[in-house]
Every structure is written in structure tokens, then in C-alpha cells.
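The values are calculated or read from the model by the stated rules, or taken from the named source; none is laboratory data. None of the values given here were measured: they were computed from a predicted structure. Don't worry about glycine lacking a Cβ; one is built from the backbone with ideal geometry, like all the others, and counts go over all protein chains shown.
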Amino acid sequence: MDLRLEGVSHRYDALPVLEDVDLAACDGEILAIIGPSGCGKSTLLQLAGGLIQPSGGTVTMAGAVPPDCLNPITYVFQDFALLPWRTVAGNVALALEHHPLARTELRDRVADALSRLGLSEFADALPRQLSGGMRQRVGIARALVVNPAVLLLDEPMSALDAQTRELLIDDFLGVWLQQKTTALYVTHNLAEALRLADRVAVFSRRPGRLREVVAVPIPQAERNQPAARLELAKIQDALWSLIRDEASAADREMAHV
Amino acid sequence: MSETGASGLGGERRPVPFRGGGFVLRPHRIAGAAGLLALIALWQIGSTRGWISALMAPAPSEVLAALGVIAADGTLAVHLGASLGRIGSGWALGTATGLAAGLAMGMFSLARAAGLPVVSALFPIPKIALLPLLILWFGIGEPSKVATIALGTFFPTAIATFSAVDGVPRSLIRMAQSFGVPAPRIVWSIVLPGALPGILAGFRITASIALILVVAAEMIGAEFGIGAFILQAGNLMRTDQLLAGVVVLSVLGLLVAALLSWAEWVLLRWR
């Protein structure tokens with residue numbers, strides 16, 4: 001499924017955060033969104049999934065939804081957003097419980113999602129017993145259990161340490177390659193964007209405008225090979241020179257509240 | 001690889017002094033019981049030696065004996081039953097309405113804007129001061145006492161529930177919305193369990209308030225009840241019975257606290 005933002009602007013009271021954004025995530029691609037902190041990346045993602053209403057412009061979706069998809073546009077959150085009083089299986093089941101599913105089907109879907117993320121043996125664990133990486137695996141399993149048409153990932157790795165992040169990116173990619181669900185992936189980590197994305201959308205600092213969309217012409221499965229790494233490093237340098245000044249200026253900006 | 005390599009640089013070797021001691025609390029199970037027993041033993045010794053007047057403060061053994069007597073002849077059951085009935089119905093009424101009001105104030109802007117000033121203004125009033133008014137409204141019988149306890153527990157419950165609901169992370173509610181979970185189910189599956197620790201903490205407060213209010217209300221006008229029993233014993237200079245009533249109240253408070261601890265242990269195991 002495609003997800004298209006047209007002329008989208010947003011302001012919080014008097015503070016403009018996004019201006020006139022035209023951007024589309026096409027079927028089966030990962031579109032990474034990078035930009036300096038405070039450029040409205042997270043706002044963009046909330047607009048894309050209908051969690052907030054844009055001050056201007058439209059968000060539309062087009063195309064077929066996968067079979068037995070229960071929640072076409074589904075989020076993975078930076079802070080995991082797990083219910084601490086529910087087990088791993090219970091957290092994943094939360095996404096299904098309000099749908100009219102037979103108990104056995106619910107259980108099967110939860111078990112399937114858990115096994116895809118390697119969580120089967122943790123089904124009865126509570127979130128507090130898990131490491132950050134495992135918690136985010138639960139967050140991803142909860143997103144996949146509804147068979148989404150579009151995944152919206154809001155800096156899903158940024159609460160994790162570097163090593164955990166590497167492992168989880170590999171796992172996420174492995175799961176993603178099986179279905180190639182359309183994904184919007186917000187991050188401030190260039191290397192992460194270049195490991196995962198088919199295209200990288202670069203945003204300016206606040207108010208966020210789309211500056212450039214850079215394609216990454218290497219299949220995700222091949223990006224660990226030495227030749228590809230060289231190519232990716234070049235793209236990374238180009239991206240960094242694009243956002244370097246903006247990031248520096250954003251860093252020196254004082255809060256207006 | 002030579003950690004001692006710098007030792008040749010001179011100077012006498014001195015140990016780094018340990019400075020991290022203290023400020024760590026360790027459980028002392030026996031000390032807790034021993035403190036209480038020592039106090040009772042001291043009191044008993046003081047009474048038997050005649051240091052403490054038997055009329056003003058009878059020995060623990062005499063209080064215990066008085067307790068045995070009123071337990072055996074059914075007096076205790078009548079008074080305790082009356083008090084527990086009032087606490088039960090008053091607390092249940094105040095808690096049910098307080099929960100509803102607190103939930104509404106926690107979730108709806110209009111209810112919060114309208115309700116919070118009212119609750120904040122009425123909360124500090126000692127509810128026992130309203131008993132004479134409630135007696136005028138409802139008569140001297142049970143309803144006025146139940147209403148006093150209900151009022152006394154309503155406000156702390158409403159405020160505890162309100163702040164507990166307010167403290168449920170917005171991100172969890174957003175998450176549920178993003179999965180299309182309907183609003184009533186969000187309240188049941190996320191808001192209520194998330195607010196439960198704060199609500200149970202409120203129960204601890206309202207349980208002790210209910211105990212205070214039932215005794216006070218029974219002292220103002222009741223035939224039966226622990227408060228009435230203590231007052232009658234005082235009027236008859238039966239200090240052994242008076243203190244037996246006080247012991248019953250103490251045990252009642254401890255039992256309620258233990259019950260709530262157990263409820264927290266069962267319901268909040270996830271913490």
C-alpha cells in the first residue's frame with residue numbers, strides 16, 4: 001500500500017513544525033526520514049498514521065491491504081509503549097483483542113508473531129524482566145501481529161545501546177524481507193537509515209521542510225558486503241554534508257518555551 | 001600489561017579509605033516484635049509493682065481479660081458488627097462514587113474543570129463536623145453515620161483516582177488508539193490497570209479515615225459500635241474495657257492494612 005502526504009503543514013499553536021511536505025512511501029519500500037532533532041520527524045509520523053490532524057494538507061492511502069490485515073497503518077514506538085502489567089504475549093494480544101477473532105486464532109497469531117521475533121520462550125515474561133532490545137522486539141511483534149499494510153517506526157532503535165541496535169536491525173530486516181511491508185522509518189542515525197532504507201528523505205530544521213530524497217540503490221540483503229559498504233559510505237558522506245550545518249544550527253537553538 | 005608499573009614513581013602506598021558505609025536499611029524481623037513486646041512487658045511490670053494506677057491504666061493482662069469477657073458474652077460481636085456494617089457500607093459508597101468522580105475528572109476536561117475546584121474546596125473539611133447537619137438531614141440512625149463515612153472516603157478516593165488516572169502515560173493510550181482499540185476498552189485495559197497503584201494507595205488512606213470517622217460518629221450518638229462501647233466504658237470508669245475496645249480498633253486497623261498489602265501483592269505483581 002502507498003501512503004501519501006500532500007502539502008502537509010503542521011503547527012503547535014503559534015510554532016510551525018512542518019511546512020508544505022510532499023512525500024509518498026511507495027508499496028514495499030522503506031522510506032527513512034532523517035533530519036536534525038526538533039525538525040518535526042515524529043510529528044510527521046503521527047500525522048501519517050492519523051494520531052494528530054495536520055493544520056494543512058492531506059494524508060491519503062492507496063492500494064490493496066494484505067489479506068487478514070486488522071490495522072492497515074501500524075506504529076512501532078521509540079519508548080516501546082508496552083503495558084507493564086501484561087506479559088509479552090498479553091502485550092501482543094492487545095492489538096487483536098478488540099477484533100472478532102476466535103480464541104484459537106488469536107492465540108495462533110500471537111504465537112506466530114512471537115516466533116518470528118524469536119520471543120516464543122519469553123511469552124509469559126513481564127516487560128520489566130526484558131532488556132531494551134527484547135522489549136522493542138515485543139513492540140515489533142505487536143505491530144506485525146495485525147498484518148499491517150504500512151509500518152510507521154518512530155526512532156525504534158534510539159532507546160537501545162549500539163550493540164543491541166545492530167542485532168535488532170538485523171532481526172528487523174530479516175522479518176521485513178519476508179513481507180516487504182511499506183514502512184516509514186524515522187531516525188536520526190544515518191548508518192541505520194542506510195542499512196534499512198530504499199530511499200532517505202532529508203528534512204531541514206524547524207520548521208521542517210523536505211530538502212531532498214536520496215535513493216539507496218543497493219538491495220537491503222546485500223548491504224553488508226564490502227563493495228556495498230564503500231558505496232554506502234559515500235552516500236552517508238553526501239547525506240551528512242546535507243544535514244551537517246542544519247544539525248549544528250539546531251543544536252545551538254534555544255527552546256522557545 | 002603492568003598495573004604495578006607506576007609504583008616506582010615514588011611515594012608511600014596508602015589504602016584508599018572506605019567512605020560508602022551507612023544509609024543502608026536492613027530488615028530486622030525480630031527487633032520489630034521485640035520492641036512491641038518490651039513496651040507491653042514494661043507496662044505490665046509497672047502495673048504489678050504499683051507504679052501505674054490500676055484505675056487509670058490497667059495492666060495488659062487485665063485488658064486482655066476484659067477482652068476475653070466481652071468476646072465470650074457476645075458484647076464484642078454486637079459492637080464490632082455494628083461498626084463493621086457502618087464502615088463497610090459507608091466505605092463502599094464513598095469509594096464507588098469517588099472512583100467514578102476521579103475517573104471522570106481524570107479523563108474528561110469538562111468534568112475536571114468543573115469538579116476539581118469543588119473537590120479541592122470540600123476535601124479539607126473534617127467530615128465529622130458535618131455529622132450534626134447529616135443528623136438533621138437523615139436522622140440519628142444509621143444513614144447519618146454511613147453518610148459521614150461515605151463523605152470522608154469520597155474525597156480522598158476521588159483525588160487519588162484523579163491523579164492516578166492523570167499519571168497513566170499518554171504514550172500507552174496513544175499506542176492503543178493507533179491499534180484502533182475502542183475507547184471503553186482503552187479505559188478498561190489501560191487506564192484502570194495503569195491507575196491501580198495510585199487507587200490502592202488511596203484505599204490505604206480511606207480505610208484509616210473510615211475507622212476514625214466510625215468511632216467519632218458512634219461517640220456522638222449510637223447505642224452499639226466500638227466507639228459507643230469505648231465511650232460507655234469511659235463513663236463507667238471501666239478502663240479495662242475501654243482499653244480492650246482500643247485494642248480491637250488497633251487490631252482492626254492492622255487487619256485492614258494487611259488485607260490491602262495482600263491485594264497490592266496480588267494485583268501489582270507486575271511492578
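Give the range A:146-200 a look and list any residue that's among the basic types (K, R) and under 16 Å from A:C69 (Cβ atoms), or say none.
Result: A:K180, single match.
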Inset, instruction - Just name the residue that is farthest from the chain's Cα centre (by Cα) out of those in the range A:43-85 that are among the small types (G, A, S) and buried (at least 17 other Cβ atoms within 10 Å of the Cβ). - result: A:G57
Inset, instruction - Search the range B:177-188 for residues being more than 7 Å from chain A (Cβ to nearest Cβ) and in contact with a helix residue (DSSP H, G or I) (Cβ under 8 Å, 6 or more places away or on another chain), and hand back the single one that is farthest from A:N91 (Cα to Cα). - result: B:V187
Inset, instruction - Say whether the condition of being out of contact with any Lys or Arg (no Cβ under 7 Å at 6 or more places or on another chain) and in a loop (DSSP other than H, G, I, E, B) is met by at least one residue in the range B:29-47. - result: no
Inset, instruction - Give B:A150, B:A222, B:A164, B:A160 a once-over and let me know the one that is farther than 15 Å from B:W91 by Cβ and modelled with pLDDT of 95 or more. - result: B:A164
Inset, instruction - Would you confirm whether any residue within the range B:158-171 is buried (at least 18 other Cβ atoms within 10 Å of the Cβ) and within 14 Å of chain A (Cβ to nearest Cβ)? - result: yes
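Residue-wise test of (1) in contact with a helix residue (DSSP H, G or I) (Cβ under 7 Å, 6 or more places away or on another chain); (2) free of Cβ contacts under 8 Å to residues at least 24 places away in the same chain; (3) among the β-branched types (V, I, T).
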position	(1), (2), (3)
B:M105	yes, no, no
B:F123	yes, no, no
B:G141	no, yes, no
B:V146	yes, no, yes
B:L151	yes, no, no
B:A158	yes, no, no
B:I173	yes, yes, yes
B:A195	yes, no, no
B:A207	yes, no, no
Legend entry - One residue from A:A102, A:A89 being of a type outside the set (S, T, N, Q), without any contact (Cβ under 8 Å) to a residue 60 or more places away in the chain, in the same structural domain as A:W176 (by TED's automatic domain parsing) and buried (at least 20 other Cβ atoms within 10 Å of the Cβ): A:A89
Inset, instruction - Only one of these is farther than 24 Å from A:L130 by Cβ, surrounded by fewer than 20 Cβ atoms within 10 Å (Cβ to Cβ) and more than 10 Å from every other protein chain (Cβ to nearest Cβ): B:L242, B:L254. Name it. - result: B:L254
Legend entry - Which listed residue, of A:R128, A:R142, A:R137, is within 13 Å of chain B (Cβ to nearest Cβ), farther than 20 Å from B:I186 by Cα and of a type in the set (K, R): A:R128
Inset, instruction - Mind checking which helices (runs of 4 or more DSSP H) fall wholly inside the range B:100-197 and carry at least 2 residues that are over 29 Å from A:L70 (Cα atoms) and touching a Ser or Thr at 6+ places or on another chain (Cβ under 6 Å)? - result: B:131-138, B:142-166
Legend entry - Filter result for the condition that a residue is part of a helix (DSSP H, G or I) and either buried (at least 20 other Cβ atoms within 10 Å of the Cβ) or not acidic (D, E) (or both), over A:A201, A:A183, A:A221: A:A221
Inset, instruction - Quick one: in the range B:216-239, of everything that is surrounded by fewer than 21 Cβ atoms within 10 Å (Cβ to Cβ), out of contact with any Leu (no Cβ under 7 Å at 6 or more places or on another chain) and part of a helix (DSSP H, G or I), which residue is farthest from the other protein chains (Cβ to nearest Cβ)? - result: B:N235
Inset, instruction - Restrict the check to the range A:140-162 and report whether at least one residue is over 30 Å from A:I52 (Cα atoms) and assigned to a helix (DSSP H, G or I). - result: yes
